[in-house]
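Derivation of every value follows stated rules applied to the coordinates shown; laboratory data play no part. All values reported here derive from a predicted model rather than from experimental measurement. No Cβ is skipped: glycine too gets one built from the backbone with ideal geometry, and neighbour counts run over all protein chains shown.
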Amino acid sequence: MGTSEFNLVDRTVYHESYKRANHLLSEISSYRNKKIVDLNWKDAILFFEENFEDLDFCFFDDGTYEYRNFKVKGPKYPSILTNPDVKFLDEDTIRSFSGMTFPEDEHIAIMINQKPNKERVIFTTLHELVHSYFHVRDSQKMQYFALLEEKSEQNGKYSKEVQPLEDEANIIASILILNQERLEKYLLAGVTFEDIMFQVDMSEAALISRLKNYLYNILNVDEFKLSEIIYPYKNDDISIKKRIQRLITVKIEQQKEKSKYVTNSVGILVDKLTAKNDLSKMSIGELELLCEKIDHESDLYLLAFTEKLRKEKFGEQPQNDELIHISKIGGPL
């Protein structure tokens, strides 16, 4: 088993993965009819099991295992997946792989090593589901899955083509287990490290990694100061808990201030209320043109797209004296 899933990752890589994780969380939230802050790993797995019929799950192991002094064959942790297959493989495979995802005929096979502890098996399951969702269905990225078994001879590292996919799967799986809203809720409430581990089914190493990446990539804590915060927090240091809470509070206030503005297509900050008012005066055609030319992940796109849907639903048309040039919001066409 490797330890790359517990590494601190580059900020650019993290934020790109974070965006994709939030997109997936929104899908799961809508399907499960739950707020993102209330989602857990079970919601994520159920979303996949109930929406993707082409997924075939299989636990693998090296034979029987003991459970309460009984020899058992079958899923070691039956609560994780619904009716998965179980296969017995050789010891070398068991030692080499936590999980595997690959296309098989019209289906996608997901194989999960059930030998480790439950927390690890949950993480591996989500890691492989992320591969199935973001990578296997992407023809350009699919070619790299043929390289998954081709680790370099030095230190057992993945190839440079595969490593970005592994990093992304690790980050998103970690967020699906403990999303940012839920993590901040726990930290602001002063919940202990051990209680978080218990409530979200995370191992100690995985939670340390989750905290490291949150502090470094979201709260902008210096890399060399992470240990000064995480390990005292792990030991329930009250002063460190308060320090983390202050950092989160500052971040929330900054986000509130930032949310008052949107950036137009030429990089100029515009007051959001003014932007909404200007957009409301645009025709559906103008809004469509604006949506085509701006970044689809921008706040301005969301405002323009929402206004277009509103006009389409209620049939509102702008008055002649209220027409506004697109250049005021999005720059010249």
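Phi-derived couplings, Karplus 6.51 cos²θ - 1.76 cosθ + 1.60 at θ = phi - 60°, listed residue by residue for the stretch 296-312: 6, 9, 7, 5, 4, 4, 4, 5, 5, 5, 5, 5, 4, 4, 5, 5, 5 Hz, with x used for Gly and Pro. Dividing the C-alpha radius of gyration of the stretch 186-235 by 2.2 N^0.38 Å, with N its residue count, gives 1.08. With K and R counted +1 and D and E -1, the other residues having a Cβ less than 12 Å from that of Val121 yield a net charge of 0.
Computed from backbone phi, the HN-Hα couplings of the stretch 241-248 come to 4, 5, 4, 4, 4, 5, 4, 5 Hz, rounded to whole numbers (Karplus: 6.51 cos²θ - 1.76 cosθ + 1.60, θ = phi - 60°; Gly and Pro given as x). Here the Karplus curve 6.51 cos²θ - 1.76 cosθ + 1.60, taken at θ = phi - 60°, turns the phi angles of the stretch 38-49 into couplings of 9, 6, 9, 4, 5, 4, 5, 5, 4, 4, 6, 4 Hz, with x standing for Gly and Pro. Count Lys and Arg as plus one, Asp and Glu as minus one, and take only other residues whose Cβ is under 12 Å from that of Ser17; the net charge is then -2. Annotation: amide H-H contacts under 5 Å for His107 (H modelled 1.01 Å from N, sequence separation of 5 or more, or interchain): none.
Sorting the segments 249-257, 34-42 by their residues' average number of neighbouring beta-carbon atoms within 10 angstrom, most packed first, yields 34-42, 249-257. Under a 5 Å amide H cut-off, with hydrogens placed 1.01 Å from N, Tyr261 pairs with Lys272 among residues at least 5 apart or on other chains.
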